[in-house]
Amino acid sequence: MRSALGKVLGGRLKLHTPKGAIVKKGQDIDYSNYAVGFGAKKSRVWLQGIVTLPVATSGKVPDNWLSASVEVKRKTWKFADFEGVDVKRKLSNGNYWRYLGQLGESIKYYDVPAEAAAYFDGLLNNVCFLDWR
């Protein structure tokens, strides 16, 4: 699916990319994934999304991400009967990570510099939730 600005990625969590964004997509029998790149090829960092059967993505931030963090910004969200988390943190090395997800789907980046985090946050702050009911 394409919008006037770029691609629309994801399952229930719809991520809209700007025209010309660096996007990779893949899939297997029980999942689909995508990545949006930021930066020059040699130093490119990625925002990654995955839509799976609920077993592969719990909708929870990995514990090792939490233990490596020095600042915390956590929000929960709810749409109808669906709940998820949006957690944003700073690492001790000065880089950032963010995890937006629910059972079966997540969008995340990890250990990226401030400029990349700002770009990815701009995308994540405009994610829409698709109600399939």
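The values are calculated or read from the model by the stated rules, or taken from the named source; none is laboratory data. Bear in mind the structure is a predicted one, so any value in this text is a computation, not a measurement. Every residue, glycine as well, gets a Cβ built from its backbone with ideal geometry; the counts of neighbours run over all protein chains shown.
Some notes on this structure:
- Candidate set from the range 1-22 (those that are among the aliphatic types (A, V, I, L, M) and more than 21 Å from G104 (Cα to Cα)); member that is farthest from the chain's Cα centre (by Cα): A4
- Sub-9 Å Cβ pairs linking a first residue in the range 1-25 that is modelled with pLDDT under 90 to a second residue that is of a type in the set (D, E) and surrounded by 15 or more Cβ atoms within 10 Å (Cβ to Cβ), at least 6 apart or interchain, are G11/E105; R12/E105, ordered by first then second residue.
- Index of the failed condition, C128 passing every other in (1) touching a residue at least 60 places away in the same chain (Cβ under 8 Å); (2) out of contact with any strand residue (DSSP E or B) (no Cβ under 6 Å at 6 or more places or on another chain); (3) farther than 20 Å from R44 by Cα: (2)
- Considered as a group, the residues in the range 59-68 that are surrounded by 14 or more Cβ atoms within 10 Å (Cβ to Cβ) and not basic (K, R) include one that is farthest from G6 (Cα to Cα), and that residue is A68.
- Sole residue being without any contact (Cβ under 8 Å) to a residue 40 or more places away in the chain, out of contact with any Phe, Trp or Tyr (no Cβ under 7 Å at 6 or more places or on another chain) and over 19 Å from G11 (Cα atoms), chosen from R89, R74, R44: R74
- Check on E71, of a type in the set (D, E) and surrounded by 12 or more Cβ atoms within 10 Å (Cβ to Cβ): no
- Filter result for A114 (out of contact with any strand residue (DSSP E or B) (no Cβ under 8 Å at 6 or more places or on another chain), under 22 Å from K41 (Cα atoms) and surrounded by fewer than 20 Cβ atoms within 10 Å (Cβ to Cβ)): no
- Scanning the range 96-133 for residues that are outside any strand (DSSP E or B), in contact with a Ser or Thr (Cβ under 7 Å, 6 or more places away or on another chain) and either of a type in the set (V, I, T) or over 20 Å from K19 (Cβ atoms) (or both) returns L103, G104.
- Only one of the numbered conditions (1) in a strand (DSSP E or B); (2) within 28 Å of L5 (Cβ to Cβ) is not met by K19, and that is (1).
- Test: residue in the range 34-49 that is assigned to a loop (DSSP other than H, G, I, E, B), out of contact with any Leu (no Cβ under 7 Å at 6 or more places or on another chain) and crowded, with 18+ Cβ neighbours inside 10 Å: no
- Enumeration of residues in the range 82-95 that are part of a loop (DSSP other than H, G, I, E, B) and touching a strand residue (DSSP E or B) at 6+ places or on another chain (Cβ under 7 Å): S92, N95
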